[in-house]
Amino acid sequence: MIGALFPFAKPILHGLDAETAHNLTLRALKLMPPLATAPDHASLAVECIGRSFPNPVGLAAGFDKGAEVPDALLGLGFGFVEVGGVVPKPQPGNPRPRVFRLARDGAVINRFGLNSEGLDVVSRRLAVRRGRPGLVGVNIGANKESTDRLADYVACTTTLAPLVDFITVNVSSPNTPGLRDLQGEAFLDELLARVVAARDDVQPATAILLKIAPDITLDALDAMTATALRRGIQGLVVSNTTIARPASLSEADLARETGGLSGRPLFGAATRLLAETYLRVGDTIPLVGVGGIDSAEAAWTKIRAGASLLQLYSALVYSGPGLVGSIKAGLVARLRAEGAASLRAVVGRDAAELAKLPV
């Protein structure tokens, strides 16, 4: 029903600036009565990071930054939802305008700058929903003006680990100055060690994931995957938005805006990095494939490249919530066509080939 209404709502939403339209969407989700979703096809079930996912299609961080509507989003058919990013102290982020639709490219550029209501507000909301069905994770970061960014991650972990199924350590946002420096091997090793220790002190069952940037070199990927494995991280999220601007972009004027590019133009680079990551870690830890998923075919490619779970966001701007059901139906059809009982048999099957994907 919600998906069927999107074609009528889209011209109105796209007539507004992107952030205003997003805020209206959140408000509508708050007012929407709870939705009862039909059970997912058994072939879509995924056992991963110590949890049982009804389907692999998740909502990426950034949509519900303040954990305002995770249950409404689960009601749209997502197998899991990641809220945030969350930082310890409230911060407004960068000045508006700070998000731009590149409609002809199926892309978005954002430079929000980790705007957040802060840890206290988000943790109270997550505490209220504790015990409800549905898998919810949280993306954590550091305050822009923090003098101890490692401590920021520890504070978020200590407070949020008892309230969620997983925590994603975000060291790859391009919109907080210096944050990507934490991807360096020495910093990352200490960061992950401290986050894991903080998690173990309060809720050992909560999984820790690490989100990486699509712009890193393969040497850096070698170091990051080795560090993640050594520190016992439960999963890698590949990847965040990119600071690159592909020459193929049609919206040339908007492409000059600073910030992270997401959506269809990111698909090649993110999928290639996903495949390279799978070639390094294999089945040792699961991967979450993010970046440019806008169809069942794109989702299937991510799984072939090594993803056990998927996340999308930007494509919803153009296709609406009906895309979730469309992707799930397409994955079931592909499994049937191949005579496969589950997605597990497909994960990473073509990683070596897709690692050569042009970006």
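Each value in this text was obtained by applying a stated rule to the coordinates, not by laboratory testing. Here the structure is a predicted model, which is why all the values come from computation and not from measurement. As a convention, Cβ positions derive from the backbone with ideal geometry for all residues, glycine included, and neighbour counts pool all protein chains shown.
Taking every alpha-carbon pair under 8 Å whose residues sit at least 6 apart, the range 235-322 reaches a relative contact order of 32 percent. Sequentially through the range 295-301, phi angles give Karplus couplings (6.51, -1.76, 1.60; θ = phi - 60°) of 6, 5, 5, 5, 5, 4, 5 Hz, Gly and Pro residues having no value and appearing as x.
Its Cα centre serving as origin, the chain has a Cβ charge dipole (Lys and Arg +1, Asp and Glu -1) of approximately 620 debye. Dividing the mean sequence gap of close Cα pairs (under 8 Å, 6+ apart) by how many residues the chain holds gives a relative contact order of 18 percent. Using only Cα coordinates, the Kirkwood hydrodynamic radius of the range 21-67 works out to 13.2 Å.
Residues considered: 151, 269, 42. Largest GNM mean-square fluctuation over the chain, using C-alpha springs under 10 Å, is found at 42.
Using the alpha-carbon positions of the chain, Rg (one decimal) and Dmax (whole number) come out as 18.7, 55 Å. Karplus-derived 3J(HN,Hα) values for the range 258-273, using 6.51 cos²θ - 1.76 cosθ + 1.60 with θ = phi - 60°, are 6, x, x, 8, 10, x, 3, x, 7, 4, x, 5, 5, 6, 4, 5 Hz; glycine and proline are entered as x. Across all Cα pairs in the range 1-123, the calculated P(r) in 5 Å bins from zero up to the longest distance comes to 2, 9, 15, 20, 21, 16, 12, 5, 1, 0 percent per bin. Normalising by the residue count of the range 114-249, find the relative contact order in percent from Cα pairs under 8 Å and 6+ residues apart. Computed value for the range 114-249: 23 percent relative contact order. Annotation: the residues 313, 153, 318, 278, sorted from fewest to most other C-beta atoms within 10 Å of their own C-beta, follow the order 318, 313, 153, 278.
Hey, how much of the P(r) for the range 53-147 falls beyond 23 Å, as a percent of Cα pairs? Here the long-distance tail beyond 23 Å is 32 percent of all Cα pairs in the range 53-147.
Less than 5 angstrom separates the built amide H of residue 251 from those of 105, all sequence-distant by 5 or more or on a different chain.
The rule of thumb for compact globular proteins, 2.2 N^0.38 Å, goes into the C-alpha radius of gyration of the range 201-264 1.50 times. With θ taken as phi - 60° and the Karplus curve 6.51 cos²θ - 1.76 cosθ + 1.60 applied, the whole-hertz 3J(HN,Hα) list for the range 147-160 is 9, 8, 5, 4, 5, 4, 5, 5, 4, 4, 5, 4, 7, 8 Hz, x standing for glycine and proline. For the range 274-359, the fraction of C-alpha pairs more than 17 angstrom apart is 46%. Considering every alpha-carbon pair of the range 100-244, the percent of pairs per 5 Å bin, from zero through the bin containing the longest distance, is 2, 9, 19, 22, 20, 15, 9, 4, 1, 0.
Separation of the range 112-162 and the range 338-358, taken as the distance between their Cα centroids, equals 34 angstrom. Sorted fewest first by neighbouring Cβ atoms within 10 angstrom, 212, 233 come out as 233, 212. Residue exposure proxy: 89, 328, 302, 30, ordered by other Cβ atoms within 10 angstrom of their Cβ from fewest to most, comes out as 30, 89, 328, 302. I want to verify the translational diffusion coefficient of the range 172-290 in µm²/s; compute it with Stokes-Einstein, Rh as the Kirkwood radius over Cα pairs, at 10 °C and 1.306 mPa s. The estimated diffusion coefficient comes to 104 µm²/s. The range 288-336 has equivalent-ellipsoid semi-axes of 16, 14, 7 Å, by the square roots of 5 times the alpha carbon gyration tensor eigenvalues, sorted largest first.
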